[in-house]
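Student: Dropping the structure in here first, questions after.
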Amino acid sequence: MRILGIDPGSRVCGYGVIEETDGELRYIECGVLTSTVAGDAMELRLGEIARGLREVIDELEPAVVAIEDVFSHQNPRSALALAQARGMALAVVGLAGLEVASYPPASVKKAVSGSGRAEKDQIARMVQALIGLGSLPPLDATDALAVAITHGRTTRPLVARLTSAFVQPRR
């Protein structure tokens, strides 16, 4: 199963694609989508990021998308901008007809590092180790890979448990 992880943002949107096969996670690609002109209006930035996200989906053909939930900010303007970016990403994914799974930031951190309070650099290093990256990509890209890894780890153990519960050992 090919999983596209998205770390939404109104200025920088991270993406990361992995494949999960028989419990093994394999790195495919990651990067960041940004608006080329700093200071552009929100609709122009989101439009450019949306075009880039659509190109990623068309090129890499994920089976499912995992996206990080909006977390609560102390600054309402920041929370609103993040929610708008997440909505844009969901619209692009919806137009592509893909299934979406959402994960709160603390759940992503816990799935990747074992602690729901891990720092960004710790998550990046764990992502690097889990999928065997030679160097660290930008933090927004490693965050997106962490969301994809969370989905891969969340769905696989359940399938394995269900299979083992119904398959009787041969005698």
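Every number in this text was worked out from the coordinates using simple rules, so none of it is lab data. No experiment lies behind these values; they were computed from the predicted model shown. Positions of Cβ are backbone-derived with ideal geometry, glycine not excepted, and every protein chain shown enters the neighbour counts.
Student: Give a residue-ordered list of calculated ³J(HN,Hα) values for the range 104-121 (Karplus: 6.51 cos²θ - 1.76 cosθ + 1.60, θ = phi - 60°; whole Hz; x for Gly, Pro).
Tutor: Result, rounded to whole Hz: x, x, 5, 5, 5, 4, 5, 5, 8, 10, x, 10, x, 10, 5, 7, 4, 5.
Student: Taking the highest mean first, how do the peptides 89-98, 57-66 order by number of other beta carbon atoms within 10 angstrom per residue?
Tutor: On the way: 89-98: 15.6, 57-66: 17.1.
My ranking of the peptides, most packed first, is 57-66, 89-98.
Student: Can you work out D for the chain in µm² s⁻¹ from Stokes-Einstein, where Rh is the Kirkwood radius over C-alpha pairs, the temperature is 25 °C and the viscosity is 0.890 mPa s? Show your work: numbers first, answer last.
Tutor: Working: Rh = 16.5 Å.
The estimated diffusion coefficient comes to 149 µm²/s.
Student: Among Gln128, Gln74, Gln84, which one shows the highest mean-square fluctuation when the chain is modelled as a Gaussian network with alpha-carbon springs under 10 Å?
Tutor: Gln74
Student: Mind checking the full-extension length gain between Ala106 and Arg11? Use 0.36 nm per residue of separation minus the Cα-Cα distance, one decimal, nm.
Tutor: 32.0 nm
Student: Just to be sure I understand: of the beta bridges DSSP finds with both ends in the chain, what percent are antiparallel, rounded to 5? Mind dumping the intermediate values first?
Tutor: Details: 16 of 25 bridges.
Restricted to the chain, the bridges split so that about 65 percent are antiparallel.
Student: Could I ask something else about it? Once you've got the GNM for the chain with C-alpha springs shorter than 10 Å, pick whichever of Pro76, Pro104, Pro138 has the biggest mean-square fluctuation.
Tutor: Pro76
Student: Running a GNM on the chain with Cα contacts under 10 Å, which residue among Asp69, Asp22, Asp143 ends up with the highest mean-square fluctuation?
Tutor: In this elastic network of the chain, the residue with the biggest mean-square fluctuation among Asp69, Asp22, Asp143 is Asp22.
Student: Taking 0.36 nm per intervening residue step and subtracting the Cα-Cα distance, what contour gain separates Glu61 from Asp22 on full extension?
Tutor: Extra length available between Glu61 and Asp22 comes to 12.1 nm.
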